Amino acid sequence: MLNKERCGYVAIIGRPNVGKSTLLNYLLGQKISITSRKPQTTRHSLLGIKTKDNIQTIYIDTPGLHQRMHNAMNRYLNRAAINSIEGVDIIVWLVEALQWTDEDNYVLKALAKTSVPVILAINKIDKVANRDTLLPYLEKVTAKHNFIEIFPISALKNQNVEQLETKITGLLPEGILLFPKEQITDRSERFLFAEIVREKLVRRLGAELPYRLTVQIEHFKNFKNVTHIGALIWVETDGQKGIVIGKKGDILKSIGQEAREDMEVWLNHKVFLQLWVKVKKGWCDSERSLQQLGYSDN
Ligand SMILES: Nc1nc2c(ncn2[C@@H]2O[C@H](COP(=O)(O)OP(=O)(O)OP(=O)(O)O)[C@@H](O)[C@H]2O)c(=O)[nH]1
Ligand SMILES: [Mg+2]
């Protein structure tokens, strides 16, 4: 007789930059969530769905929880992360090895309000030169919450992630598979491709500018075996527009090239990508503009 089906939601949460999206991509074996060295790279919760035989794990990558509430965008990010915790079966909370910040405490506070089982994953252990230093850290963090289990991992270097995954799948409740077996995300290619462009921008541009821009797909059409994609990059000022375009358009050109290559790998055929930069003053702090640009709560 076949084993019963099991299926459940697993939220990956934590402060910005601890490696949530890197972990999600590794677990899926495919890159669906953008990553960078800069905090607040992920702006929308997104599902990464993994089905193996009769077990379906529905991971939710979330924006990093943070305390600096500068503008409507910051508030949106926290809301998106907090809303993702509701109704899930398991929470995987990521922290960075040997580090504990006010923002980790902020996450801890949010978790105190939920009865969902929490697994603590201590990420980036590859950066720990002396493993002996991990032990006292582990003792300290263990006392902070009633964790189901604690896993020191490296999402980037693939250390101990398999053990973490085994634990997660073992905890999934019985239930029918909620998504078709071949589906890997709830997001459209339009969404994923706008994110690819944003990733190249975030990785390329200096400290503040990534937070001041967003990307919107303007058209997405197939024509004679080539996908034609047009994307708008929205910034807040003319000065920012100049920086994104670069001298003689060099920055925009290389961003376009890198993004196109990723899109071609995803689609497995040729892409013709056009980018435009436009100014929308104060979009980051306007609830209305945020909604128009795809940052809505549902
Ligand atoms: N050394 C090391 N770096 C890692 C590891 N996991 C992630 N990183 C790096 O940490 C940085 C942040 O990774 P992300 O996956 O974007 O982090 P995030 O938690 O999703 O960040 P936000 O979306 O901003 O909340 C990137 O430069 C990653 O390459 C790890 O296990 N070891
Ligand atoms: Mg992320």
(Q) Out of everything in the stretch 18-45 that is more than 8 Å from ligand 2 (Cβ to nearest atom) and polar (S, T, N, Q), what residue ends up being nearest to Leu178 (Cα to Cα)? (A) Ser45
Q. Can you find a residue in the stretch 86-109 that is in the same structural domain as Leu65 (by TED's automatic domain parsing), in contact with a helix residue (DSSP H, G or I) (Cβ under 7 Å, 6 or more places away or on another chain), within 15 Å of Ile12 (Cβ to Cβ) and part of a helix (DSSP H, G or I)?
A. no
Q: Would you check which residues across the stretch 1-44 are more than 7 Å from ligand 1 (Cβ to nearest atom) and touching a Lys or Arg at 6+ places or on another chain (Cβ under 6 Å) and list them?
A: Ile12, Asn25, Leu28
Q: Take Leu293 and decide whether it is open to solvent by less than 90 Å² (accessible area, probe 1.4 Å) and in contact with a helix residue (DSSP H, G or I) (Cβ under 8 Å, 6 or more places away or on another chain).
A: yes
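Return yes or no: is Met73 exposed (fewer than 15 other Cβ atoms within 10 Å of the Cβ) and within 26 Å of Pro210 (Cα to Cα)? Don't jump to the end; show me each part of the working.
Working: exposed (fewer than 15 other Cβ atoms within 10 Å of the Cβ): no; within 26 Å of Pro210 (Cα to Cα): yes.
So Met73 does not fit the description; no.
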Q) Which one of these is within 21 Å of Tyr76 (Cβ to Cβ) and more than 24 Å from the chain's Cα centre (by Cα): Val202, Val279, Val197, Val226? A) Val279
Q: Determine which single condition Ala207 fails, assuming it passes every other condition in (1) open to solvent by 30 Å² or more (accessible area, probe 1.4 Å); (2) modelled with pLDDT of 95 or more.
A: (2)
(Q) Just the residues that are within 16 Å of Pro210 (Cα to Cα) and in a loop (DSSP other than H, G, I, E, B), please, taken from the stretch 222-256. (A) Glu236, Thr237, Gly246
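Please work out which residue is nearest to Ile34 (Cα to Cα), limiting yourself to the stretch 153-199 and to residues that are aromatic (Phe, Trp, Tyr) and open to solvent by 30 Å² or more (accessible area, probe 1.4 Å).
Looking only at the stretch 153-199, we keep the residues that are aromatic (Phe, Trp, Tyr), and these are 179, 191, 193.
Add one more test, that the residue is open to solvent by 30 Å² or more (accessible area, probe 1.4 Å), and what stays is 179, 191.
Details: Phe179: 22, Phe191: 11 Å.
So, considering only residues that are aromatic (Phe, Trp, Tyr) and open to solvent by 30 Å² or more (accessible area, probe 1.4 Å), the one nearest to Ile34 (Cα to Cα) is Phe191.
For the stretch 145-165, enumerate the residues that are assigned to a helix (DSSP H, G or I) and in contact (Cβ under 8 Å) with a residue 12 or more places away in the chain. Outline the logic, then answer.
The first filter runs over the stretch 145-165 and keeps only residues assigned to a helix (DSSP H, G or I), leaving 161-165.
Residues satisfying the conditions are Val161, Gln163, Leu164, Glu165.
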(Q) Just the residues that are within 15 Å of ligand 1 (Cβ to nearest atom) and either open to solvent by 30 Å² or more (accessible area, probe 1.4 Å) or more than 18 Å from the chain's Cα centre (by Cα) (or both), please, taken from the stretch 53-69. (A) Gln67, Arg68
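Quick one: in the stretch 107-146, of everything that is among the small types (Gly, Ala, Ser) and within 16 Å of ligand 1 (Cβ to nearest atom), which residue is nearest to Ile82 (Cα to Cα)? Give the derivation first.
Step one: filter the stretch 107-146 for residues among the small types (Gly, Ala, Ser), giving 110, 112, 115, 121, 129, 143.
Now restrict to residues that are within 16 Å of ligand 1 (Cβ to nearest atom): 110, 121, 129.
Values: Ala110: 8, Ala121: 18, Ala129: 34 Å.
Per the criteria, the residue is Ala110.
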(Q) Going through Ile119, Ile82, Ile168 one at a time, which residue ends up being of a type in the set (A, V, I, L, M) and in a strand (DSSP E or B)? (A) Ile119
**Q.** Set Gly14, Gly8: member being more than 14 Å from ligand 2 (Cβ to nearest atom) and within 19 Å of Ile168 (Cβ to Cβ)
**A.** Gly8
Q: Just one of (1) within 16 Å of ligand 2 (Cβ to nearest atom); (2) open to solvent by less than 40 Å² (accessible area, probe 1.4 Å); (3) in contact with a helix residue (DSSP H, G or I) (Cβ under 9 Å, 6 or more places away or on another chain); (4) closer than 23 Å to Pro210 by Cα trips up Gly48, so point out which.
A: (4)
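The values are calculated or read from the model by the stated rules, or taken from the named source; none is laboratory data. Worth saying up front: this structure is predicted, and the values here are computed from it rather than measured. Note: ideal-geometry Cβ built from the backbone for every residue, glycine included; neighbour counts use all protein chains shown. For accessibility, only protein heavy atoms count, side chains too; no ligands or nucleic acids. Shrake-Rupley method; radii C 1.70, N 1.55, O 1.52, S 1.80 Å.
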